[in-house]
2 protein chains.
Amino acid sequence: LGEPTLPWYVVGSQVLGVACIVMTGVWMGHYGGGYAWDGSRLQFNVHPLCMVMGLVFLYGDGVLVYRVFRNESKRSVKILHALIHMMALVISIVGLVAVFDYHNKNNFSNMQSLHSWCGMLTFVLFFLQWLLGLSFFLFPWASATMRTWYLPLHAFFGLVLLATSVATSLMGITEVIFILVYFNIMATGALANILGLLLVCFVVLVGYLATKEEFRRPPNPEEEALSVHFNTLNEGSDPSSP
Amino acid sequence: LGEPTLPWYVVGSQVLGVACIVMTGVWMGHYGGGYAWDGSRLQFNVHPLCMVMGLVFLYGDGVLVYRVFRNESKRSVKILHALIHMMALVISIVGLVAVFDYHNKNNFSNMQSLHSWCGMLTFVLFFLQWLLGLSFFLFPWASATMRTWYLPLHAFFGLVLLATSVATSLMGITEVIFILVYFNIMATGALANILGLLLVCFVVLVGYLATKEEFRRPPNPEEEALSVHFNTLNEGSDPSSP
(Lines give C-alpha, C1' and ligand atoms only; values in the text may rest on other atoms or scores of the structure.)
Protein backbone atom coordinates (compact mmCIF):
# COMPACT_ATOMS: atom_id res chain seq x y z
CA LEU A 1 0.00 0.00 0.00
CA GLY A 2 2.79 2.45 0.88
CA GLU A 3 5.02 1.59 -2.05
CA PRO A 4 3.19 3.15 -5.06
CA THR A 5 2.55 6.40 -3.17
CA LEU A 6 6.25 7.28 -2.82
CA PRO A 7 6.59 8.90 -6.30
CA TRP A 8 3.56 11.09 -5.68
CA TYR A 9 4.93 12.32 -2.36
CA VAL A 10 8.26 13.06 -4.06
CA VAL A 11 6.53 15.00 -6.86
CA GLY A 12 4.53 16.87 -4.23
CA SER A 13 7.70 17.80 -2.34
CA GLN A 14 9.33 19.11 -5.53
CA VAL A 15 6.27 21.18 -6.45
CA LEU A 16 6.26 22.68 -2.92
CA GLY A 17 10.02 23.30 -2.97
CA VAL A 18 9.97 25.01 -6.36
CA ALA A 19 6.93 27.05 -5.29
CA CYS A 20 8.90 28.28 -2.24
CA ILE A 21 11.81 29.39 -4.45
CA VAL A 22 9.51 31.07 -7.01
CA MET A 23 7.54 32.91 -4.31
CA THR A 24 10.73 34.09 -2.57
CA GLY A 25 12.10 35.16 -5.95
CA VAL A 26 8.92 37.06 -6.88
CA TRP A 27 8.65 38.61 -3.42
CA MET A 28 12.22 39.95 -3.42
CA GLY A 29 12.51 40.42 -7.21
CA HIS A 30 9.16 42.05 -7.96
CA TYR A 31 7.80 43.53 -4.70
CA GLY A 32 11.27 44.03 -3.22
CA GLY A 33 12.69 45.84 -6.27
CA GLY A 34 15.07 43.21 -7.66
CA TYR A 35 18.60 42.05 -7.01
CA ALA A 36 22.02 43.71 -6.95
CA TRP A 37 25.42 43.49 -5.20
CA ASP A 38 26.03 47.15 -4.45
CA GLY A 39 25.35 47.43 -0.71
CA SER A 40 21.79 48.67 -1.32
CA ARG A 41 18.63 46.97 -0.08
CA LEU A 42 18.64 45.11 -3.40
CA GLN A 43 21.73 43.26 -2.12
CA PHE A 44 19.78 42.20 0.96
CA ASN A 45 17.25 40.61 -1.42
CA VAL A 46 19.89 38.07 -2.47
CA HIS A 47 19.92 36.71 1.10
CA PRO A 48 16.40 35.21 1.41
CA LEU A 49 16.52 33.73 -2.11
CA CYS A 50 19.89 32.01 -1.55
CA MET A 51 18.90 30.67 1.88
CA VAL A 52 15.61 29.20 0.60
CA MET A 53 17.40 27.66 -2.41
CA GLY A 54 20.33 26.33 -0.37
CA LEU A 55 19.36 25.59 3.21
CA VAL A 56 15.75 24.61 2.48
CA PHE A 57 15.19 23.27 -1.06
CA LEU A 58 18.60 21.73 -1.90
CA TYR A 59 19.07 20.58 1.71
CA GLY A 60 15.67 18.83 1.59
CA ASP A 61 16.42 17.25 -1.78
CA GLY A 62 19.78 16.07 -0.43
CA VAL A 63 17.85 14.20 2.28
CA LEU A 64 15.40 12.77 -0.25
CA VAL A 65 17.99 11.09 -2.50
CA TYR A 66 17.91 8.07 -0.17
CA ARG A 67 14.19 7.67 -0.96
CA VAL A 68 14.18 8.72 -4.63
CA PHE A 69 17.12 6.46 -5.55
CA ARG A 70 16.35 3.73 -3.05
CA ASN A 71 17.22 0.97 -5.54
CA GLU A 72 20.53 2.40 -6.84
CA SER A 73 23.89 1.42 -5.36
CA LYS A 74 24.34 2.85 -1.88
CA ARG A 75 27.75 4.30 -2.68
CA SER A 76 26.41 6.34 -5.63
CA VAL A 77 23.55 7.66 -3.54
CA LYS A 78 25.94 8.61 -0.73
CA ILE A 79 28.09 10.59 -3.17
CA LEU A 80 25.01 12.33 -4.60
CA HIS A 81 23.85 13.10 -1.03
CA ALA A 82 27.23 14.70 -0.23
CA LEU A 83 27.30 16.66 -3.52
CA ILE A 84 23.79 18.12 -3.19
CA HIS A 85 24.56 19.18 0.38
CA MET A 86 27.82 20.75 -0.85
CA MET A 87 25.81 22.80 -3.35
CA ALA A 88 23.44 23.72 -0.52
CA LEU A 89 26.44 24.86 1.56
CA VAL A 90 27.92 26.98 -1.26
CA ILE A 91 24.62 28.73 -2.07
CA SER A 92 24.02 29.35 1.67
CA ILE A 93 27.48 30.93 1.96
CA VAL A 94 26.62 33.33 -0.91
CA GLY A 95 23.39 34.21 0.92
CA LEU A 96 25.25 34.81 4.20
CA VAL A 97 27.96 36.94 2.57
CA ALA A 98 25.20 39.00 0.88
CA VAL A 99 23.58 39.99 4.17
CA PHE A 100 26.77 40.48 6.23
CA ASP A 101 28.25 42.64 3.48
CA TYR A 102 24.97 44.62 3.20
CA HIS A 103 24.95 45.18 6.97
CA ASN A 104 28.62 46.19 7.07
CA LYS A 105 28.32 48.64 4.15
CA ASN A 106 25.36 50.32 5.88
CA ASN A 107 26.84 50.17 9.41
CA PHE A 108 24.00 47.93 10.61
CA SER A 109 24.97 45.61 13.45
CA ASN A 110 25.31 41.88 12.75
CA MET A 111 24.11 38.90 14.79
CA GLN A 112 21.62 40.83 16.94
CA SER A 113 18.33 39.05 16.23
CA LEU A 114 17.08 35.60 17.23
CA HIS A 115 16.82 34.98 13.46
CA SER A 116 20.56 35.53 13.07
CA TRP A 117 21.43 33.38 16.11
CA CYS A 118 19.27 30.45 14.98
CA GLY A 119 20.39 30.84 11.37
CA MET A 120 24.11 30.93 12.19
CA LEU A 121 23.77 27.97 14.56
CA THR A 122 21.92 26.01 11.85
CA PHE A 123 24.54 26.87 9.22
CA VAL A 124 27.53 26.01 11.43
CA LEU A 125 25.98 22.72 12.62
CA PHE A 126 25.02 21.86 9.02
CA PHE A 127 28.62 22.43 7.91
CA LEU A 128 29.89 20.31 10.84
CA GLN A 129 27.36 17.58 10.07
CA TRP A 130 28.46 17.58 6.42
CA LEU A 131 32.13 17.18 7.45
CA LEU A 132 31.26 14.41 9.93
CA GLY A 133 29.13 12.63 7.31
CA LEU A 134 32.04 12.77 4.86
CA SER A 135 34.52 11.44 7.45
CA PHE A 136 32.28 8.68 8.77
CA PHE A 137 30.50 7.41 5.67
CA LEU A 138 32.48 8.30 2.53
CA PHE A 139 36.07 8.05 3.73
CA PRO A 140 37.26 4.67 5.00
CA TRP A 141 38.39 6.06 8.37
CA ALA A 142 35.48 5.08 10.61
CA SER A 143 34.94 1.53 11.86
CA ALA A 144 31.62 -0.25 11.35
CA THR A 145 30.82 0.26 15.04
CA MET A 146 31.43 4.00 14.78
CA ARG A 147 29.24 4.18 11.67
CA THR A 148 26.42 2.31 13.39
CA TRP A 149 26.72 4.70 16.33
CA TYR A 150 26.75 7.89 14.25
CA LEU A 151 24.16 7.01 11.59
CA PRO A 152 20.97 7.54 13.64
CA LEU A 153 22.42 10.78 15.07
CA HIS A 154 23.31 11.96 11.54
CA ALA A 155 19.79 11.21 10.30
CA PHE A 156 18.08 12.75 13.37
CA PHE A 157 20.12 15.97 13.40
CA GLY A 158 19.82 16.20 9.60
CA LEU A 159 16.06 16.57 9.98
CA VAL A 160 16.41 18.81 13.06
CA LEU A 161 18.62 21.23 11.10
CA LEU A 162 16.16 21.26 8.16
CA ALA A 163 13.42 22.15 10.67
CA THR A 164 15.50 24.90 12.36
CA SER A 165 16.39 26.18 8.89
CA VAL A 166 12.68 26.60 8.04
CA ALA A 167 11.96 28.04 11.52
CA THR A 168 14.74 30.58 10.86
CA SER A 169 13.13 31.40 7.48
CA LEU A 170 9.80 32.04 9.22
CA MET A 171 11.54 34.47 11.61
CA GLY A 172 13.21 36.12 8.61
CA ILE A 173 9.83 36.55 6.88
CA THR A 174 8.44 38.00 10.15
CA GLU A 175 11.34 40.49 10.38
CA VAL A 176 10.98 41.61 6.75
CA ILE A 177 7.20 42.04 7.13
CA PHE A 178 7.63 44.06 10.34
CA ILE A 179 10.18 46.37 8.70
CA LEU A 180 7.91 46.79 5.67
CA VAL A 181 4.83 47.41 7.80
CA TYR A 182 6.47 50.07 9.96
CA PHE A 183 8.19 51.88 7.13
CA ASN A 184 5.42 51.33 4.54
CA ILE A 185 8.00 50.17 2.02
CA MET A 186 5.93 47.65 0.14
CA ALA A 187 2.58 45.89 0.21
CA THR A 188 3.07 42.16 -0.08
CA GLY A 189 -0.36 41.17 1.20
CA ALA A 190 -0.68 37.52 2.04
CA LEU A 191 2.22 36.47 -0.26
CA ALA A 192 4.79 36.29 2.53
CA ASN A 193 2.43 34.43 4.89
CA ILE A 194 1.60 31.88 2.18
CA LEU A 195 5.34 31.47 1.48
CA GLY A 196 5.79 30.72 5.19
CA LEU A 197 3.10 28.03 5.13
CA LEU A 198 4.56 26.47 1.96
CA LEU A 199 8.00 26.28 3.63
CA VAL A 200 6.41 24.46 6.58
CA CYS A 201 4.58 22.06 4.21
CA PHE A 202 7.85 21.33 2.35
CA VAL A 203 9.77 20.42 5.52
CA VAL A 204 6.88 18.33 6.88
CA LEU A 205 6.65 16.38 3.61
CA VAL A 206 10.43 15.81 3.48
CA GLY A 207 10.35 14.71 7.12
CA TYR A 208 7.48 12.33 6.40
CA LEU A 209 9.28 10.80 3.40
CA ALA A 210 12.52 10.47 5.37
CA THR A 211 11.01 8.78 8.42
CA LYS A 212 8.18 6.60 7.01
CA GLU A 213 9.15 2.96 7.46
CA GLU A 214 7.82 1.72 4.09
CA PHE A 215 9.86 4.30 2.16
CA ARG A 216 13.24 3.21 3.52
CA ARG A 217 15.88 1.58 1.33
CA PRO A 218 15.13 -2.13 1.12
CA PRO A 219 17.98 -4.17 2.62
CA ASN A 220 20.24 -5.60 -0.09
CA PRO A 221 22.35 -8.44 1.37
CA GLU A 222 24.37 -8.95 -1.84
CA GLU A 223 25.43 -5.31 -1.99
CA GLU A 224 26.05 -5.20 1.73
CA ALA A 225 28.29 -8.29 1.64
CA LEU A 226 30.45 -6.70 -1.06
CA SER A 227 30.57 -3.26 0.47
CA VAL A 228 33.05 -2.14 3.08
CA HIS A 229 31.33 1.21 3.21
CA PHE A 230 28.61 0.25 5.57
CA ASN A 231 27.92 -1.77 8.61
CA THR A 232 25.70 -4.70 7.73
CA LEU A 233 24.87 -6.16 11.11
CA ASN A 234 21.50 -4.62 11.82
CA GLU A 235 20.84 -3.21 8.35
CA GLY A 236 17.45 -4.85 7.94
CA SER A 237 16.12 -4.21 11.42
CA ASP A 238 17.59 -0.84 12.27
CA PRO A 239 15.01 1.74 11.22
CA SER A 240 17.56 4.54 11.52
CA SER A 241 19.43 3.26 8.48
CA PRO A 242 18.96 5.57 5.48
CA LEU B 1 24.25 1.37 26.46
CA GLY B 2 21.25 3.56 25.64
CA GLU B 3 19.09 2.35 28.54
CA PRO B 4 20.66 4.05 31.62
CA THR B 5 20.87 7.42 29.81
CA LEU B 6 17.07 7.80 29.50
CA PRO B 7 16.51 9.30 33.01
CA TRP B 8 19.24 11.88 32.41
CA TYR B 9 17.70 12.98 29.10
CA VAL B 10 14.30 13.24 30.81
CA VAL B 11 15.76 15.35 33.64
CA GLY B 12 17.48 17.51 31.02
CA SER B 13 14.21 18.05 29.15
CA GLN B 14 12.43 19.08 32.36
CA VAL B 15 15.20 21.53 33.29
CA LEU B 16 15.01 23.05 29.80
CA GLY B 17 11.20 23.18 29.83
CA VAL B 18 11.03 24.83 33.26
CA ALA B 19 13.78 27.26 32.22
CA CYS B 20 11.65 28.27 29.19
CA ILE B 21 8.62 28.96 31.40
CA VAL B 22 10.68 30.89 33.99
CA MET B 23 12.39 33.00 31.31
CA THR B 24 9.08 33.80 29.59
CA GLY B 25 7.59 34.62 32.98
CA VAL B 26 10.50 36.89 33.94
CA TRP B 27 10.57 38.54 30.50
CA MET B 28 6.86 39.40 30.54
CA GLY B 29 6.48 39.77 34.31
CA HIS B 30 9.60 41.81 35.10
CA TYR B 31 10.78 43.50 31.87
CA GLY B 32 7.26 43.57 30.38
CA GLY B 33 5.63 45.15 33.45
CA GLY B 34 3.60 42.22 34.81
CA TYR B 35 0.24 40.62 34.14
CA ALA B 36 -3.36 41.81 34.12
CA TRP B 37 -6.69 41.17 32.36
CA ASP B 38 -7.77 44.73 31.65
CA GLY B 39 -7.16 45.14 27.92
CA SER B 40 -3.78 46.83 28.53
CA ARG B 41 -0.43 45.57 27.28
CA LEU B 42 -0.20 43.67 30.56
CA GLN B 43 -3.02 41.46 29.27
CA PHE B 44 -0.96 40.69 26.17
CA ASN B 45 1.78 39.42 28.54
CA VAL B 46 -0.51 36.54 29.54
CA HIS B 47 -0.38 35.22 25.95
CA PRO B 48 3.32 34.21 25.63
CA LEU B 49 3.39 32.68 29.13
CA CYS B 50 0.27 30.54 28.54
CA MET B 51 1.43 29.40 25.10
CA VAL B 52 4.89 28.35 26.36
CA MET B 53 3.31 26.55 29.34
CA GLY B 54 0.58 24.86 27.30
CA LEU B 55 1.64 24.31 23.69
CA VAL B 56 5.35 23.81 24.42
CA PHE B 57 6.07 22.49 27.94
CA LEU B 58 2.90 20.50 28.77
CA TYR B 59 2.59 19.35 25.14
CA GLY B 60 6.17 18.07 25.22
CA ASP B 61 5.64 16.35 28.58
CA GLY B 62 2.47 14.76 27.20
CA VAL B 63 4.63 13.21 24.48
CA LEU B 64 7.26 12.08 26.99
CA VAL B 65 4.91 10.03 29.22
CA TYR B 66 5.39 7.07 26.85
CA ARG B 67 9.13 7.17 27.64
CA VAL B 68 9.00 8.16 31.32
CA PHE B 69 6.38 5.52 32.19
CA ARG B 70 7.50 2.94 29.68
CA ASN B 71 7.01 0.06 32.12
CA GLU B 72 3.56 1.05 33.43
CA SER B 73 0.36 -0.36 31.96
CA LYS B 74 -0.27 1.05 28.49
CA ARG B 75 -3.87 2.02 29.29
CA SER B 76 -2.81 4.18 32.28
CA VAL B 77 -0.14 5.90 30.21
CA LYS B 78 -2.64 6.56 27.41
CA ILE B 79 -5.05 8.21 29.86
CA LEU B 80 -2.21 10.32 31.33
CA HIS B 81 -1.16 11.28 27.77
CA ALA B 82 -4.73 12.44 26.98
CA LEU B 83 -5.06 14.32 30.30
CA ILE B 84 -1.78 16.23 29.99
CA HIS B 85 -2.68 17.22 26.43
CA MET B 86 -6.12 18.34 27.66
CA MET B 87 -4.40 20.61 30.22
CA ALA B 88 -2.16 21.87 27.40
CA LEU B 89 -5.29 22.65 25.33
CA VAL B 90 -7.03 24.50 28.18
CA ILE B 91 -4.00 26.68 29.02
CA SER B 92 -3.48 27.42 25.30
CA ILE B 93 -7.12 28.54 25.01
CA VAL B 94 -6.58 30.98 27.92
CA GLY B 95 -3.48 32.30 26.09
CA LEU B 96 -5.40 32.69 22.82
CA VAL B 97 -8.37 34.43 24.48
CA ALA B 98 -5.91 36.81 26.20
CA VAL B 99 -4.41 38.03 22.92
CA PHE B 100 -7.64 38.14 20.86
CA ASP B 101 -9.40 40.06 23.65
CA TYR B 102 -6.41 42.43 23.95
CA HIS B 103 -6.47 43.04 20.18
CA ASN B 104 -10.25 43.59 20.11
CA LYS B 105 -10.25 46.01 23.06
CA ASN B 106 -7.52 48.08 21.37
CA ASN B 107 -8.96 47.80 17.82
CA PHE B 108 -5.87 45.95 16.60
CA SER B 109 -6.54 43.56 13.73
CA ASN B 110 -6.39 39.81 14.38
CA MET B 111 -4.82 37.03 12.31
CA GLN B 112 -2.60 39.29 10.17
CA SER B 113 0.89 37.94 10.84
CA LEU B 114 2.57 34.71 9.82
CA HIS B 115 2.93 34.08 13.57
CA SER B 116 -0.87 34.13 13.96
CA TRP B 117 -1.45 31.94 10.90
CA CYS B 118 1.07 29.29 12.00
CA GLY B 119 -0.09 29.48 15.60
CA MET B 120 -3.78 29.10 14.77
CA LEU B 121 -3.05 26.24 12.37
CA THR B 122 -0.97 24.51 15.06
CA PHE B 123 -3.66 24.98 17.70
CA VAL B 124 -6.53 23.76 15.46
CA LEU B 125 -4.57 20.72 14.24
CA PHE B 126 -3.48 19.95 17.83
CA PHE B 127 -7.14 20.03 18.94
CA LEU B 128 -8.10 17.79 15.98
CA GLN B 129 -5.23 15.40 16.73
CA TRP B 130 -6.34 15.22 20.36
CA LEU B 131 -9.92 14.35 19.33
CA LEU B 132 -8.68 11.76 16.82
CA GLY B 133 -6.35 10.22 19.41
CA LEU B 134 -9.24 9.95 21.86
CA SER B 135 -11.53 8.33 19.27
CA PHE B 136 -8.94 5.91 17.89
CA PHE B 137 -7.01 4.86 20.98
CA LEU B 138 -9.10 5.45 24.13
CA PHE B 139 -12.63 4.73 22.92
CA PRO B 140 -13.34 1.23 21.60
CA TRP B 141 -14.64 2.50 18.24
CA ALA B 142 -11.63 1.95 16.00
CA SER B 143 -10.63 -1.48 14.71
CA ALA B 144 -7.11 -2.82 15.20
CA THR B 145 -6.40 -2.14 11.51
CA MET B 146 -7.48 1.49 11.83
CA ARG B 147 -5.32 1.90 14.94
CA THR B 148 -2.30 0.43 13.19
CA TRP B 149 -2.93 2.80 10.27
CA TYR B 150 -3.37 5.93 12.41
CA LEU B 151 -0.68 5.35 15.06
CA PRO B 152 2.41 6.34 13.02
CA LEU B 153 0.54 9.37 11.63
CA HIS B 154 -0.49 10.39 15.18
CA ALA B 155 3.11 10.09 16.42
CA PHE B 156 4.58 11.89 13.37
CA PHE B 157 2.14 14.80 13.39
CA GLY B 158 2.41 15.00 17.17
CA LEU B 159 6.09 15.88 16.81
CA VAL B 160 5.43 18.09 13.76
CA LEU B 161 2.93 20.18 15.75
CA LEU B 162 5.37 20.49 18.68
CA ALA B 163 7.96 21.77 16.19
CA THR B 164 5.55 24.25 14.53
CA SER B 165 4.51 25.34 18.02
CA VAL B 166 8.12 26.24 18.87
CA ALA B 167 8.64 27.82 15.43
CA THR B 168 5.55 29.96 16.12
CA SER B 169 7.04 30.93 19.51
CA LEU B 170 10.26 32.02 17.77
CA MET B 171 8.21 34.23 15.42
CA GLY B 172 6.36 35.61 18.44
CA ILE B 173 9.65 36.46 20.17
CA THR B 174 10.83 38.11 16.94
CA GLU B 175 7.64 40.21 16.72
CA VAL B 176 7.85 41.32 20.37
CA ILE B 177 11.53 42.23 19.99
CA PHE B 178 10.85 44.24 16.82
CA ILE B 179 8.00 46.16 18.49
CA LEU B 180 10.21 46.84 21.54
CA VAL B 181 13.16 47.91 19.42
CA TYR B 182 11.18 50.35 17.31
CA PHE B 183 9.23 51.87 20.17
CA ASN B 184 12.05 51.67 22.75
CA ILE B 185 9.64 50.15 25.26
CA MET B 186 12.07 47.92 27.10
CA ALA B 187 15.60 46.58 27.00
CA THR B 188 15.62 42.82 27.23
CA GLY B 189 19.15 42.29 25.98
CA ALA B 190 19.94 38.73 25.05
CA LEU B 191 17.23 37.27 27.31
CA ALA B 192 14.68 36.79 24.53
CA ASN B 193 17.26 35.28 22.14
CA ILE B 194 18.41 32.83 24.82
CA LEU B 195 14.77 31.93 25.51
CA GLY B 196 14.41 31.18 21.78
CA LEU B 197 17.44 28.86 21.81
CA LEU B 198 16.19 27.09 24.97
CA LEU B 199 12.81 26.48 23.29
CA VAL B 200 14.63 24.92 20.32
CA CYS B 201 16.75 22.75 22.66
CA PHE B 202 13.61 21.57 24.50
CA VAL B 203 11.83 20.47 21.33
CA VAL B 204 14.97 18.79 19.94
CA LEU B 205 15.45 16.83 23.18
CA VAL B 206 11.78 15.78 23.31
CA GLY B 207 12.00 14.75 19.63
CA TYR B 208 15.16 12.74 20.33
CA LEU B 209 13.59 10.96 23.31
CA ALA B 210 10.42 10.23 21.35
CA THR B 211 12.14 8.79 18.26
CA LYS B 212 15.23 7.00 19.65
CA GLU B 213 14.75 3.27 19.14
CA GLU B 214 16.24 2.18 22.51
CA PHE B 215 13.89 4.45 24.47
CA ARG B 216 10.67 2.93 23.10
CA ARG B 217 8.27 0.95 25.26
CA PRO B 218 9.53 -2.63 25.43
CA PRO B 219 6.97 -4.96 23.83
CA ASN B 220 4.92 -6.73 26.49
CA PRO B 221 3.22 -9.80 24.96
CA GLU B 222 1.27 -10.62 28.13
CA GLU B 223 -0.27 -7.16 28.35
CA GLU B 224 -0.86 -7.07 24.61
CA ALA B 225 -2.67 -10.42 24.63
CA LEU B 226 -5.01 -9.17 27.37
CA SER B 227 -5.57 -5.74 25.92
CA VAL B 228 -8.22 -4.87 23.35
CA HIS B 229 -6.94 -1.32 23.32
CA PHE B 230 -4.10 -1.90 21.00
CA ASN B 231 -3.16 -3.75 17.89
CA THR B 232 -0.60 -6.41 18.70
CA LEU B 233 0.39 -7.62 15.25
CA ASN B 234 3.55 -5.68 14.56
CA GLU B 235 4.04 -4.23 18.03
CA GLY B 236 7.60 -5.43 18.40
CA SER B 237 8.83 -4.58 14.93
CA ASP B 238 6.95 -1.37 14.16
CA PRO B 239 9.17 1.50 15.31
CA SER B 240 6.27 3.93 15.03
CA SER B 241 4.57 2.35 18.03
CA PRO B 242 4.73 4.62 21.08
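Name the residues in the range A:69-113 that are within 14 Å of chain B (Cβ to nearest Cβ) and either at pLDDT 95 or above or loosely packed, with under 14 Cβ neighbours inside 10 Å (or both), would you? If the condition is that a residue be within 14 Å of chain B (Cβ to nearest Cβ) and either at pLDDT 95 or above or loosely packed, with under 14 Cβ neighbours inside 10 Å (or both), then A:Phe108, A:Ser109, A:Asn110, A:Met111 are the ones that fit.
Candidates in the range A:196-218 are the residues that are of a type in the set (D, E, K, R) and either facing another protein chain (nearest Cβ under 10 Å) or in contact with a helix residue (DSSP H, G or I) (Cβ under 7 Å, 6 or more places away or on another chain) (or both); of these, the one that is farthest from B:His154 (Cα to Cα) is A:Arg217. None of A:Val52, A:Val26, A:Val18 is in a helix (DSSP H, G or I) and surrounded by fewer than 14 Cβ atoms within 10 Å (Cβ to Cβ) except A:Val18. Listed by first and then second residue, the pairs linking a residue in the range B:132-143 that is more than 19 Å from B:Leu80 (Cβ to Cβ) to a residue that is modelled with pLDDT of 95 or more, with Cβ atoms under 8 Å apart and 6 or more places separating them unless they lie on different chains, are B:Trp141/B:Ser135; B:Ala142/B:Ser135; B:Ala142/B:Phe136; B:Ala142/B:Tyr150.
Here A:Gly39 meets each of (1) of a type outside the set (Phe, Trp, Tyr); (2) in a helix (DSSP H, G or I); (3) touching a helix residue (DSSP H, G or I) at 6+ places or on another chain (Cβ under 9 Å) with one exception, condition (2). Test A:Ala167 against the stated conditions and say whether it is within 12 Å of chain B (Cβ to nearest Cβ), in contact (Cβ under 8 Å) with a residue 24 or more places away in the chain and touching a Ser or Thr at 6+ places or on another chain (Cβ under 6 Å). No, not satisfied. Here B:Leu134, B:Leu153 are screened, and the one residue that is part of a helix (DSSP H, G or I), within 12 Å of chain A (Cβ to nearest Cβ) and surrounded by 12 or more Cβ atoms within 10 Å (Cβ to Cβ) is B:Leu153. Condition check for A:Val15 on (1) free of Cβ contacts under 8 Å to residues at least 12 places away in the same chain; (2) in contact with a helix residue (DSSP H, G or I) (Cβ under 8 Å, 6 or more places away or on another chain); (3) under 18 Å from A:Leu191 (Cα atoms): one failure, at (2).
Determine if the range A:72-95 includes at least one residue that is touching a Phe, Trp or Tyr at 6+ places or on another chain (Cβ under 9 Å), among the hydroxyl-bearing types (Ser, Thr, Tyr) and outside any helix (DSSP H, G or I). Looking for residues that are touching a Phe, Trp or Tyr at 6+ places or on another chain (Cβ under 9 Å), among the hydroxyl-bearing types (Ser, Thr, Tyr) and outside any helix (DSSP H, G or I), one finds none in the range A:72-95, hence no.
The values are calculated or read from the model by the stated rules, or taken from the named source; none is laboratory data. Note that the structure is a prediction, hence the values are computed from the model and not measured. For neighbour counting, all protein chains shown are included, and Cβ atoms are generated from backbone atoms with ideal geometry for every residue, glycine included.
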